[in-house]
1. Please verify whether A:Thr326 is touching a Gly at 6+ places or on another chain (Cβ under 8 Å) and modelled with pLDDT of 95 or more, treating the condition exactly as stated.
2. Would you mind finding the one in C:Gln407, C:Gln391 that is closer than 30 Å to A:Arg248 by Cα, modelled with pLDDT under 95 and out of contact with any Phe, Trp or Tyr (no Cβ under 6 Å at 6 or more places or on another chain)?
3. Please find, among C:Lys476, C:Lys466, the residue that is modelled with pLDDT under 95 and outside the structural domain of C:Asn104 (by TED's automatic domain parsing).
4. Kindly provide the set of residues from the range A:335-349 that are touching a strand residue (DSSP E or B) at 6+ places or on another chain (Cβ under 6 Å) and surrounded by fewer than 24 Cβ atoms within 10 Å (Cβ to Cβ), ordered by number.
5. Enumerate the pairs (first residue in the range A:359-371 and farther than 13 Å from A:Thr75 by Cα; second residue anywhere and of a type in the set (Gly, Ala, Ser) and buried (at least 24 other Cβ atoms within 10 Å of the Cβ)) with beta-carbon separation below 7 Å, excluding pairs fewer than 6 apart on the same chain, so at least 6 apart or on different chains.
6. Report, by residue number, each residue of the range C:289-318 that is within 18 Å of C:Gly443 (Cα to Cα) and among the small types (Gly, Ala, Ser).
7. Quick one: is A:Arg190 within 14 Å of chain C (Cβ to nearest Cβ) and of a type in the set (Lys, Arg)?
Amino acid sequence: MQSCDIAVIGGGLVGCATACYLSAAGARVAVIERGQINQGASGQNAGSLHFQLEYRLIQHKDKLAAELEHYVALTKIAIAQWRGLETELGCNLELAMHGGLMVAETPEQLQLLQQKAEIESRQGLDVELLDKPQLRRRAPYLSDSIIAALFCPPEGHCNPRLLTPAYAQKAIANGTAVYTRCSVDSIQRRCGKWHIGIGGQAAQACGGKLAADKVLNAAGAWSGEIAAMANLHLPIFPVGLTMNATERTGPLIPHLVQHVGRKLSMKQVDDGNVLIGGGWSAHLQQRQGKWKSDSAPTINMQSVYSNLSTAAAVIPAIESLHLLRTWTGTTGVTPDQLPILGEISQAPGFYVAAGGSGFTYGPSYARQMSELILSGKTSFPIDAYSPNRFGHINMFMG
Amino acid sequence: MAARITRQVRRKQPISVNIDGEASRAYAGETVASVLLAAGVTVFYRTRSGQPRGPYCNMGACFECQVKIDGDWQRACMTVVEDGMNITTGARKSAP
Amino acid sequence: MNTELAIIGAGPAGLAAAEIAAARGIDTVVVDEQARPGGQISRQPPADFAVENWLPGSIYKPVKQLLAGAGAPGATRWLPQTTVLALQHDPAAPLPHRYRLLLNNAGNTSELEASCVLIAPGCYDMPVIFPGSNLPGVMAAGGIQAFVKSQQLIPGERFLFVGSHPLQLIVADQILQAGGQVAGVVFAQRLSALWSLLKSAPLFIRHGAKMVYFTRALIRLLLKRVPIYFSRTVVQAHGDQQLQNVDIAAIGSSGTIQAGSRRNIDCDRLGICFGFLASSELARQVGARGRWSAAGGGWIIDHDPWMSTDLPGLYVAGEITGVAGADASICEGRLAGLGIARELQKIDAASAARLAQRTRTQLKSANLFAAKLLDLSYPGRKLLQQLMTEQSMLCKCEEVSIADFAQCLAENPFINDANAAKLLSRAGMGLCQGRYCHYHIAGLLAETRGIRERQIKPFNARFPAKPLTIKSLLDKRDDQLP
């Protein structure tokens, strides 16, 4: 039987990045991935680095005041980490931090932007409200219907095709064992160790089982299923989302573009394709009344029409571009929309890193988790994200 | 250069299209790909790195025959020619 | 709009099914990308042309018979110049809404719902990658043939054909008869391999017309002193802005290309003829089960004796079940037509079985011929991979070279799946949506990672099946946006 210090379940961004940081500190790490590295939401999302508060968070601003303060503090850490990431990983990630615009089309939306700018400035996030003449100069590609936008200079995008594989490469160089096409079939705690039963096409690569002192559940939308194998509840729920990519075109959109009142995110990657998303739903597939975790959600055509119409209303020039493909992915949401980061108190040595804005904050979640796993402490407080905030659901488990 | 087969083939009165600004003869029913080949055009578009490309599959699958037709990039082999069409070849794809 | 049956593809398989559907009173819509029905084998001239003595060869007789009446207004609705962008299956929906198709006609999109769908999209010429394979002037042999058959155009001056499929003899003959020049026909096989097909007595008895047609084409080429080369293949296409000449080289008895034997042939068109790949994108998009066939068209779709896939109400016929030619496609189209009539209760099971009997016998015979032809014409991975030198373009759309792809695999040892390789390398992400590289990516992954091609899942087939401008999808604008 293979053994290691830490078994990381899930070869997505958070799993690979945490494995990278853990192994850099000398830990013996194994990553177990059911399919391929970067196959899930980490590779299927649109790669936005969005640091402005999202509309959905602003809506509950009174209730969330304390959380907002914490959120902005985390954002500052994330921005610093992103700025150094290409140097840290030693490769081109197609990282662009040329600023992001959250646009408004109506006076009501403008008012929201103003409220948002006030909160964000108070918390120390760098934002600037641009009026129409300023927008004409700085973002001439925007539709005439856009009356204002909130500009956040560090926002931008990074290519999700490249980030997770870069972390995986680095993790391997640090000595991490990566087992792809290996599914986790069972998780048991015996004699102070976690015993993981492994199936799947390539199970023989690790002899079908793995013993580890600690386990990190980084299985994204499916981390609830993984937790269940360890007799634990985890409140994370899969949702299907839609993304669109146009053919390549010349430089058109230097910014990350979002909308304060409509579901939209747009950006242009280095290769010239425009990626269009923003949270439009796709249908999760079911098998015998359960979500099918091994199939991509199916496309909801109305989502596609609405997403493209919203995009064309904001940036009319995209109308003449060809739509190359629409794809769907599954992400995980938690009841309070915050990530779940930490050790489950009923199961010592069982850690979770799932949910939240997994791409924008993925590298930061990973760094904090590696610190927590190695030393029990973190350089940035993540107690607010602990799985134990839902502790009562595991009161009789573990 | 390509040649229209005339033996045992009757076409209607010729129509006229613009290829890169020059008037050229075409016949109803022809595809833009046929009209361009018959006019001696071989480079239909250039890739981002500047490589020349021209028709390959002639059935709408390969996208190698794209040209700008009345402002939009289209597959020449799948577009039936119309009188007065403006066809632009060769240009590299740039932002709309 | 809704219908009982939507047929995708008006080639031999689709036409044969449409004929049966019409006879059984099934409400049918036939969708095809071309302006007129016929498919690639009998791609008709434009309605505005008057062509005498069109496709005189005896091999075209069965498909030409199917064309009589096809496309005419009547109970069957024909949608020409229309592409199916999306095919979705809703198992919970009541019958007429079970399948939903999104159609594109010249930028106008519309939806069609159907109880049953027959996917009969045919195939396309297998792309072959070598230095210079993307130069203007290098074309699919089938593409050249379609210019002659349909557009009545000789799409160049001096043609060279290279490949391993005997179709190239027929295309070369058609070019000659139309008045073009043929610089040569180059076969990768030894002469003895072709000879073994021509002298196969059982094939001659059952498929005499086809064999005679091939032989006649060959004789006409020889009489015109067209050089026919064996045990040779293309190694490089040269030209500044367009094709000017081609290097061919000998293939040794071990199957290795002999670099020292290069010889240069002047031509302005090179026809590539190594076989065909099945167009299985829509079937894969909707989720029908398939399998890999390296020689028979790449990723092909599984079916039962009535041509039904594993999805209820979804049928396949023709090259999508494995490349086997027009005769087999016609038989499969008929069986699918009967199968659909059976499912829709337009015919009782006993009558369907009785009517299918003769077709099944014909199909068996056609498949026998097709299997012989595949045996003969499949070039094999060894040859294809020798042609793919480091600088040749694996993905012509995204300009990912063989060397780029190899480097990507070397740097990311954890990647062993086609979709993951696509995401990482961009190969397959362009306008052709992977149609021209997926076959080779499967081969390269299998070779590099020591896995079998059939274990490698195909590229996820995405909406839209063919790219279209975003404005074509905005007509469906929903003004009640959240």
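1. Numbers: touching a Gly at 6+ places or on another chain (Cβ under 8 Å): no; modelled with pLDDT of 95 or more: yes.
It is false that A:Thr326 is touching a Gly at 6+ places or on another chain (Cβ under 8 Å) and modelled with pLDDT of 95 or more.
2. Values: C:Gln407 fails: modelled with pLDDT under 95.
Criteria check complete, one pass: C:Gln391.
3. On the way: C:Lys466 fails: modelled with pLDDT under 95.
Every option except C:Lys476 fails the conditions.
4. Step one: filter the range A:335-349 for residues touching a strand residue (DSSP E or B) at 6+ places or on another chain (Cβ under 6 Å), giving A:340-341, A:343-344, A:349.
Listed by number, the residues that qualify are A:Glu343, A:Gly349.
5. That search, which allows pairs on different chains as well, returns A:Ala366/A:Ala17; A:Met369/A:Ala353.
6. In the first step, residues of the range C:289-318 are kept if they are within 18 Å of C:Gly443 (Cα to Cα); the result is C:290-300.
Across the range C:289-318, the qualifying residues are C:Gly290, C:Ser293, C:Ala294, C:Ala295, C:Gly296, C:Gly297, C:Gly298.
7. On the way: within 14 Å of chain C (Cβ to nearest Cβ): no; of a type in the set (Lys, Arg): yes.
For A:Arg190, the condition - within 14 Å of chain C (Cβ to nearest Cβ) and of a type in the set (Lys, Arg) - is not met.
Residue by residue, here is whether (1) out of contact with any Cys (no Cβ under 8 Å at 6 or more places or on another chain); (2) over 26 Å from C:Leu153 (Cβ atoms); (3) part of a helix (DSSP H, G or I); (4) assigned by TED's automatic domain parsing to the domain that holds C:Gly318 holds:
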position: C:Leu15; (1), (2), (3), (4): yes, no, yes, yes
position: C:Ala18; (1), (2), (3), (4): yes, yes, yes, yes
position: C:Pro45; (1), (2), (3), (4): yes, no, no, yes
position: C:Asp48; (1), (2), (3), (4): yes, no, no, yes
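The values are calculated or read from the model by the stated rules, or taken from the named source; none is laboratory data. A quick note: this is a predicted structure, and the numbers were derived from the prediction, not measured. Neighbour counts are summed over all protein chains in view; Cβ atoms, including those assigned to glycine, are modelled from backbone coordinates with ideal geometry.
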